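The values are calculated or read from the model by the stated rules, or taken from the named source; none is laboratory data. Keep in mind it's a predicted model, so treat the numbers as computed, not measured. As a convention, Cβ positions derive from the backbone with ideal geometry for all residues, glycine included, and neighbour counts pool all protein chains shown.
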């Protein structure tokens, strides 16, 4: 059976992640850490029952906020996971540690736009633990820009219910943050300045929690630390509630009642309007009552949804016509949304170039001997190899590190106009205004389709 292309929802998604995996000791890049979470989310429902798991490569890239056209980069990241021996150095609730090691991903395949992968049984059993897990918000992970922030969020979110982490020895914390081999972070003040504070700032700005650092001292030496965890007061504004709009839709709930997996139910509700889903549910129920289903009702339902089986009943046909009208309107809104997103990208690109020109002027104005020092200083502030390589390739005009570059030069006294001031001066569309229009239109598109009941 040929599957229709999946669509990925950028709505909130919650991943149940075993606490051992959260305290992972492997040296993974930011992209690889996001990839681990996305693959686990996709496989979770069948983690112990299926030998292989599949996901559309474009959906996978969307989940981690990655350019889906760069297949070579994705292959490299998957290969990196396959070559990674993971150390599970777990902090147990009683304060004791346990250690295990295993290959993170033994098999991966990309073919026809689909990623197929496997977990070893021992790892699958460890990752699937319904009683002991931490809820990791995938919408948060997708937004993270540094590996340190992502690791800090994962390690702290386990303890959100008790409002603080345990006290961690500084050496243990360095290992959790994967900087235990870096001599430059042996001094706590350097660790705090270059790792902890930037990571806390990013978590506090982008996630559904806020952190506050507390330390223990022996004399003048910091020996331990922990984080106070509070809910983000802007939670409702950034849309990170525990339940999202998709899971509250009647069609989603009806599919779950029929035993459809949450991943598949979500994909169907995103791809089709509610009238379409209810039509297929009615069709499956009627055919089951008539004894016309030879296999299973769930299997028939999947075929009905993906191959668009039709019921010629007049009442159901009326629903289909109403649904088609709604679909046409949604497509119109989606075209409008695409145009707004294009305008936003163009405005952001022009603003970024304007700022880059100021930065390049400031850089060229430095004495030649000082330029190398400034460049090296900025590279040390970057969170991972991917970001360093991108900067080496594109320099101060690098798009991936644009925000950090502006912060760096802003701290050195270079002033930048706000996007609004820049737009007004240059007669351009304001990026933030376009973003607000996009958000409003996306909210409109997400509204459930109201199906017409038969007379």
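What are the residues in the range 35-64 that are out of contact with any strand residue (DSSP E or B) (no Cβ under 7 Å at 6 or more places or on another chain) and in a loop (DSSP other than H, G, I, E, B), if any? Give the steps one after another, and end with the answer.
First, pick out the residues of the range 35-64 that are out of contact with any strand residue (DSSP E or B) (no Cβ under 7 Å at 6 or more places or on another chain): 35-36, 38, 45, 47-50, 58-59, 61-64.
Matches in the range 35-64: 47, 48, 49, 50, 64.
Within the group 31, 47, 15, 39, which residue is at pLDDT 85 or above and surrounded by 15 or more Cβ atoms within 10 Å (Cβ to Cβ)? Spell out how you get there, then give the answer.
Values: 31 fails: at pLDDT 85 or above; 47 fails: at pLDDT 85 or above; 15 fails: at pLDDT 85 or above.
Being at pLDDT 85 or above and surrounded by 15 or more Cβ atoms within 10 Å (Cβ to Cβ) holds for just one of 31, 47, 15, 39, which is 39.
Taking residue 352 as the residue in question, decide whether it is in contact with a helix residue (DSSP H, G or I) (Cβ under 9 Å, 6 or more places away or on another chain), assigned to a helix (DSSP H, G or I), within 30 Å of residue 391 (Cβ to Cβ) and at pLDDT 80 or above. Working first, answer last.
Values: in contact with a helix residue (DSSP H, G or I) (Cβ under 9 Å, 6 or more places away or on another chain): yes; assigned to a helix (DSSP H, G or I): yes; within 30 Å of residue 391 (Cβ to Cβ): yes; at pLDDT 80 or above: yes.
In short, yes.
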From (1) within 30 Å of residue 271 (Cβ to Cβ); (2) touching a helix residue (DSSP H, G or I) at 6+ places or on another chain (Cβ under 8 Å); (3) assigned to a helix (DSSP H, G or I), pick out the condition that doesn't hold for residue 379. (1)
Could you list, in sequence order, the residues of the range 266-277 that are part of a helix (DSSP H, G or I) and in contact (Cβ under 8 Å) with a residue 24 or more places away in the chain? 266, 267, 268, 270, 271, 274, 275, 276, 277
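Are there any strands (runs of 3 or more DSSP E) wholly within the range 86-138 with 3 or more residues that are modelled with pLDDT of 80 or more and at negative phi, and if so which? Steps first, please.
Details: elements: 97-103, 107-111, 114-118, 134-137.
In the range 86-138, the matching strands (runs of 3 or more DSSP E) lie at 107-111, 114-118.
Across the range 278-308, what is the total count of residues that are over 34 Å from the mean Cα position of the chain (by Cα) and in a loop (DSSP other than H, G, I, E, B)?
Residues meeting the conditions: 7.
Just need a number here: residues in the range 59-76 that are over 12 Å from the mean Cα position of the chain (by Cα) and buried (at least 18 other Cβ atoms within 10 Å of the Cβ). Spell out the reasoning first.
Taking the range 59-76 as the starting set, the residues that turn out to be over 12 Å from the mean Cα position of the chain (by Cα) are 67-76.
If we keep only those that are buried (at least 18 other Cβ atoms within 10 Å of the Cβ) too, we end up with 74.
Counting residues in the range 59-76 that are over 12 Å from the mean Cα position of the chain (by Cα) and buried (at least 18 other Cβ atoms within 10 Å of the Cβ) gives 1.
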Looking at 422, 409, can you tell me which residue is in contact (Cβ under 8 Å) with a residue 60 or more places away in the chain, in a helix (DSSP H, G or I), buried (at least 16 other Cβ atoms within 10 Å of the Cβ) and touching a helix residue (DSSP H, G or I) at 6+ places or on another chain (Cβ under 6 Å)? 422
Of the numbered conditions (1) at positive phi; (2) touching a residue at least 24 places away in the same chain (Cβ under 8 Å), residue 427 satisfies every one except a single condition; which is it? (2)
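Run down 386, 450, 359 and say which single residue is within 30 Å of residue 251 (Cα to Cα) and either outside any loop (DSSP other than H, G, I, E, B) or at pLDDT below 85 (or both).
Details: 386 fails: within 30 Å of residue 251 (Cα to Cα); 359 fails: within 30 Å of residue 251 (Cα to Cα).
Just a single option satisfies the conditions, and that option is 450.
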Identify the single condition in (1) within 30 Å of residue 325 (Cβ to Cβ); (2) touching a residue at least 40 places away in the same chain (Cβ under 8 Å) that residue 436 does not satisfy, given that it satisfies every other one. (2)
Quick check: anything in the range 183-196 assigned by TED's automatic domain parsing to the domain that holds residue 165, at pLDDT below 90, surrounded by fewer than 17 Cβ atoms within 10 Å (Cβ to Cβ) and touching a helix residue (DSSP H, G or I) at 6+ places or on another chain (Cβ under 9 Å)? yes
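Condition test on residue 254, is it surrounded by fewer than 21 Cβ atoms within 10 Å (Cβ to Cβ) and closer than 25 Å to residue 328 by Cα? So that I can check it myself, show each step before the final result.
Numbers: surrounded by fewer than 21 Cβ atoms within 10 Å (Cβ to Cβ): yes; closer than 25 Å to residue 328 by Cα: yes.
For residue 254, the condition - surrounded by fewer than 21 Cβ atoms within 10 Å (Cβ to Cβ) and closer than 25 Å to residue 328 by Cα - is met.
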Search result, residues across the range 158-175 that are surrounded by 15 or more Cβ atoms within 10 Å (Cβ to Cβ), closer than 14 Å to residue 188 by Cβ and without any contact (Cβ under 8 Å) to a residue 60 or more places away in the chain: 170, 173, 174
